[in-house]
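Everything on this sheet refers to the single structure shown next.
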Amino acid sequence: MHTTTTVKRGLAGLLAFALAATLAACGNSADPAPQAPAAGRQAGAFPVTIEHKYGSTEIKKKPERVVTLGLTDQEAVLALGVKPVGAVDWFKERPYGAFPWTSALWGGTQPEIVGERGDFNFEKIASLRPDVIIAQYAALPKDQYDKLTQIAPTVAQSGKFADFATPWRDMTGTIGKALGQEPKAKELISGVDAKLAKVRQEHPEFAGRTVAVADTTGQGKYAAFAANDPRTVLMTELGFKVPQQIADLTKDGNPTEFGTERLDLVDVDKLIWLTSDAAAPAQIKAEPLYQKLKVAQEGRAVFLPYSEPPIGAAVTFATVLSIPYAIDQSVPLLAAATKK
C-alpha cells in the first residue's frame, strides 16, 4: 500500500516532467463529444481499424488483456470496466489504486509495471500476452511502435496532436473503440460534458474571468501552465479564460517558468496553485512581492493540494475518471474565492 508521502513525491515528479519534457496538453478538448454510432452499425463489432500517427491498427477480436503505455491511459481503460494487466510506472512511485476515483475500479489489484514513461521493458510486455497495447497520452517513437507491433496490435497516439497532448475526449473515444465499447465511452464523455455544463450554468460568475494555473518548484521558483495544458483547459471548460500574456508565453505547450520578480504574470482574476508540499502555500503567501498582487490581497487565489485530498492530482490527470472528482472538490473552493 502506498504512503501519502510516496504519492506526493510521484505527483511532484509529474510537475518536474512537465517543466522538463514538454508535457503538452489537450488542444481541442472543447470539441463536441463524438456522435452515437450510425444506424445499422453494430456497436463493438470486430474487427475494428483505428487510425493513428503511424498508419492504422486492426484489432480482430475483443481484447481481454490490455497493456497501457500512456501516462494516464489506464484510467480510460478502467472507466470502461477493464483492468490493464500492464502499465507504465509513475516516477518509480506506483500510485495505482491510491486515488479515490480509481481505487474501487482497481479492486485491490495492480497492473504489472512495464516501464517508466518512454522507457519500456519489451520482454515484460510480451510476457503479459496482451491482446492490445494502447499508447494515447504518450510519446511513442516509430522504432518502439514497430517493436510493439511484433507483440500485439498497438494503438499509437493520434497524429493530430503533439506527443503527450491527446485530449481526454479523444483518448476515451479511441480506447472505447479499441475495446469494443464505443457506446459506453460516448456515455462517459457525455456524462462529464453534462457535469461541466452544469457548473457553467450554476456559476455564471466564472465566465470570462482570467485564470492562471501555477505551481512552485522551490523558493522563488514558479511556473504557469500552458493555455492548452490539461489543468488549464479544465478551468476554461468551467468558464474561465486564459490571459493573452500567458497564452503568448506558452504557445509551445510548455509551462512558463519565472522568478519572484515576475509574479505579476499570475495577477489574474482567479489564481490556482497546485501544491505538492504542505509548506508551499505558507511559503508563497509570505513572499512580499506576492502580497502586493491584487489576486492575493483580495483573496482570489486557491490552493489545491496534489494529495490530502488529491484535488491537484485529479486536475493534473484530467481524465474521464478524474475530472468529475476534480469538479466536485475544486468548484466550491473556486466559488468561495471568486472576484465580486
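The values are calculated or read from the model by the stated rules, or taken from the named source; none is laboratory data. None of the values given here were measured: they were computed from a predicted structure. Note that we place each Cβ from the backbone using ideal geometry, even for glycine, and neighbour counts take in every protein chain shown.
Data for the structure
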item: Residue check for Leu289: buried (at least 17 other Cβ atoms within 10 Å of the Cβ) and aliphatic (A, V, I, L, M); result: no
item: Verdict on Thr217 being surrounded by fewer than 18 Cβ atoms within 10 Å (Cβ to Cβ), in contact with a helix residue (DSSP H, G or I) (Cβ under 9 Å, 6 or more places away or on another chain) and touching a residue at least 40 places away in the same chain (Cβ under 8 Å); result: yes
item: Per-region count, the range 170-181, residues of a type outside the set (S, T, N, Q) and surrounded by fewer than 24 Cβ atoms within 10 Å (Cβ to Cβ); result: 4
item: Selection from the range 187-199 of residues that are exposed (fewer than 14 other Cβ atoms within 10 Å of the Cβ) and within 15 Å of Ala335 (Cβ to Cβ); result: Lys198
item: Gly180 being assigned to a loop (DSSP other than H, G, I, E, B) and not β-branched (Val, Ile, Thr); result: yes
item: Meets criteria (modelled with pLDDT under 95 and either of a type outside the set (Phe, Trp, Tyr) or crowded, with 22+ Cβ neighbours inside 10 Å (or both)) for Gly253; result: yes
item: For Asp31: the one exception among (1) charged (D, E, K, R); (2) at pLDDT below 50; (3) closer than 30 Å to Thr217 by Cβ; result: (3)
item: Residue in the range 209-224 that is outside any strand (DSSP E or B) and at pLDDT below 95 present; result: yes
item: Within the range 133-145, considering residues that are touching a residue at least 40 places away in the same chain (Cβ under 8 Å) and not in a loop (DSSP other than H, G, I, E, B), the one farthest from Gly70 (Cα to Cα); result: Lys142
item: Failed item, numbered, when Lys147 is tested on (1) at pLDDT 95 or above; (2) basic (Lys, Arg); (3) touching a strand residue (DSSP E or B) at 6+ places or on another chain (Cβ under 7 Å); result: (3)
item: Qualifying residue in the range 228-243 (condition: of a type outside the set (Val, Ile, Thr) and free of Cβ contacts under 8 Å to residues at least 24 places away in the same chain); result: no
item: Given (1) small (Gly, Ala, Ser); (2) in contact with a Phe, Trp or Tyr (Cβ under 6 Å, 6 or more places away or on another chain); (3) in contact (Cβ under 8 Å) with a residue 60 or more places away in the chain, number of the condition Ala212 does not satisfy; result: (2)
